[in-house]
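Contents: one structure, followed by commentary.
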Amino acid sequence: MKKILLFDEKERILEGPADYNADIYTYYNDSARLDVGNVRSRLESWFSQYPEEEKEELKSRFKATFDPAFYELYIFVLFSQLGYTLEIHPEVPGTTKRPDYMARKNGAFIYIEVKYMTMRSQTEQSLERRKNVLLDAINKVNASNFLLKLEEVTFKDNSQPSGKLIIRYFNQVMSSYDPDNYAELLMEQGFQAMPMIEYEDEKVKIRTRLIPQSPINRGTNSRSIGMHPSVTQIGNDSEDIRAALETKATRYGNLNAPYIICLNKQSVSLDIIEVQEALYGSFQVSWSENPSNHDEKLEFAGNGFFGSKHNPKFTRVSGVYITNANTANLSTTAGHAFRHNPFAQYPIDLLMVQPIKEILNIPENYPDITW
């Protein structure tokens, strides 16, 4: 029987970064970059630990929806490293639905459900795809003399702008500028002194400044976008985390064993306050009515996923594991937190205090290393 691999065994010649709208699996499978090769080797090593009879199905899901499939494999390997033996899609008494895993250790077992948290609505995902198609087109602008510092991209409707028209416009306008006239000015006065180019039609408005290429890089074939607008976020995602957990909390009825939900939330770092608020509720100040000692305390309001002592919620869930892991951040910004449900019907004896990179034996300089 032929061994099933996650990626193809072949010569790879694709250089450079992925396009904005690139299929993740296809790019990882084709890229000749060292760091991508290291990620690919790591995933292949993990995949080799997966049960042989389940590999074909998991590989298909990697091709269809890479990030959720990655997280399922991540959870399998993580709990294996913690000493558990995992069964995939076990039968559950009283229901035809099957959780992702049953994990056994020291004669006891737990059910594990895995959820990849999608932060964008369908409308937001559609906008993201249109934006990525547009950025891929802009990256084909001739960057022999200038890179582009994007300052604004505004869509006017739900249709896709013409990449050909935009490329033609920028190539024509940029050809009239001499990079030698701006190199010294950039050093003295910064980006605000650089020429602004605007493109606008009935579908999109684009504002960008030109950044002169250094003489040594002129004439080379490269991506044209040198800088993107900065992105900030106000508020947190505790409400979305709680909502995501609620979709899985009662899926399998009244289980006869501990049940934990594993949730992956994509973000730069894992905000523990955000996690605490999602599970235990928002912070509030309480105080005593004793005039001589108000005894002010900062405590959780009990309006989170677990509820409160007087109003416990989702008691069939024994605990929640939340992380922000992805293929590239396992040794850097990946964080995780396991929190017990204090009101669980089936409490679980599980601690997860080591960093992800220690549990999974990830090298410090991953992925830019050679195994």
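The values are calculated or read from the model by the stated rules, or taken from the named source; none is laboratory data. What you see is a predicted model, and the numbers here were worked out from it, not measured in a lab. Don't worry about glycine lacking a Cβ; one is built from the backbone with ideal geometry, like all the others, and counts go over all protein chains shown. These accessible areas exclude ligands, DNA and RNA; they are computed on the full protein's heavy atoms, side chains included. Shrake-Rupley method; radii C 1.70, N 1.55, O 1.52, S 1.80 Å.
In Å², what does the accessible area per residue of segment 136-201 work out to with a 1.4 Å probe? If you can, show how the numbers build up before the last one.
Values: 3750 Å² over 66 residues.
Per residue, segment 136-201 has an accessible area of 57 Å².
To the nearest ten degrees, helix 163-174 and the longest principal axis of the Cα atoms of the chain are 50 degrees apart. For the set F47, F314, solvent exposure ranked by accessible area (probe 1.4 Å, protein chains only) runs largest to smallest as F314, F47. Hey, rough spin-label estimate for F343 and L82, points 7 angstrom out along Cα→Cβ, what's it come to in nanometres? Reported label-point gap for F343 and L82 is 2.3 nm. Solvent-accessible area of E358, all protein chains in place: 90 Å² (probe radius 1.4 Å, heavy atoms, ligands and nucleic acids excluded).
Using the Cβ atoms and a cut-off under 12 Å, what net charge is assigned to the surroundings of A244, where Lys and Arg are +1 and Asp and Glu are -1? Mind dumping the intermediate values first?
Details: positive: K115, R242, K248, K265; negative: E113, D237, E239, D240, E246.
Taking every other residue near A244 into account, the sum is -1.
For S60, S224, the ranking by accessible surface with the largest value first comes to S60, S224, using a 1.4 Å probe. With the convex hull drawn over the C-alpha atoms of the chain, the volume per residue is 223 Å³.
Rounded, prolate or oblate: which fits segment 1-132, taking a ≥ b ≥ c as square roots of the Cα gyration tensor eigenvalues, rounded meaning a/c under 1.5, else prolate when a/b beats b/c? All intermediate terms of the calculation are to be shown ahead of the outcome.
Numbers: a/c = 2.38, a/b = 1.42, b/c = 1.67.
It comes out oblate by the Cα gyration axes.
Its DSSP H runs of at least 4 residues, each contributing -39,500 (n - 2.57), put the calculated 222 nm mean residue ellipticity of the chain at -9000 deg cm²/dmol, to the nearest 500.
Calculate the FRET efficiency for D19 and E57 from the Cβ-Cβ distance with a Förster distance of 41 Å, rounded to the nearest 0.05. List each step's numbers first, then the result.
Numbers: r = 28 Å, r/R0 = 0.68.
After rounding, the FRET efficiency stands at 0.90.
Tell me, rounded to the nearest percent, the portion of alpha carbon pairs in segment 89-204 spaced more than 18 Å apart. Kindly include the intermediate steps, with their values, before the conclusion.
Working: 4519 of 6670 pairs.
Tail fraction, whole percent: 68.
For the chain, modelled as a GNM whose springs connect Cα atoms under 10 angstrom apart, the maximal fluctuation among G190, G302, G16 occurs at G190. For S48 and H310, a Förster radius of 51 Å and the Cβ-Cβ distance give a FRET efficiency of 0.55, rounded to the nearest 0.05. Within the full protein context, the accessible area of K203 is estimated at about 60 Å² for a probe radius of 1.4 Å. Within the full protein context, the accessible area of R104 is estimated at about 120 Å² for a probe radius of 1.4 Å.
Axis of helix 66-81 versus longest Cα principal axis of the chain: the two differ by about 40°, to the nearest ten degrees.
Once the chain from S214 to L165 is taken as fully extended at 0.36 nm per residue, the excess over their C-alpha distance is 14.9 nm.
When the square roots of the Cα gyration tensor eigenvalues are ordered a ≥ b ≥ c, the ratio a/c for segment 327-369 is 1.5 or more and a/b exceeds b/c, which makes its shape prolate.
Dipole magnitude for the chain: about 780 debye, using +1 per Lys or Arg Cβ and -1 per Asp or Glu Cβ, origin at the Cα centre. With both labels modelled 7 Å from their Cα along Cα-to-Cβ, the E239 to S269 distance reads 2.5 nm.
What is the local net charge at P342, summed over the other residues whose Cβ is closer than 12 Å to its Cβ (Lys, Arg +1; Asp, Glu -1)? Don't skip to the answer; put the middle values down first.
Values: positive: K309, K313, R339; negative: none.
Taking every other residue near P342 into account, the sum is +3.
With everything on Cα atoms, drop me the angle between helix 238-249 and the longest principal axis of the chain, reported from 0 to 90° to the nearest 10. Its long axis makes an angle of about 50 degrees.
Using 0.36 nm per residue, how much length does the chain from E188 to R207 gain when fully extended, once their Cα-Cα distance is taken away? Spell out each step's value before the answer.
Working: separation 19, 0.36 × 19 = 6.84 nm, distance 2.26 nm.
Contour length minus the Cα-Cα distance gives 4.6 nm.
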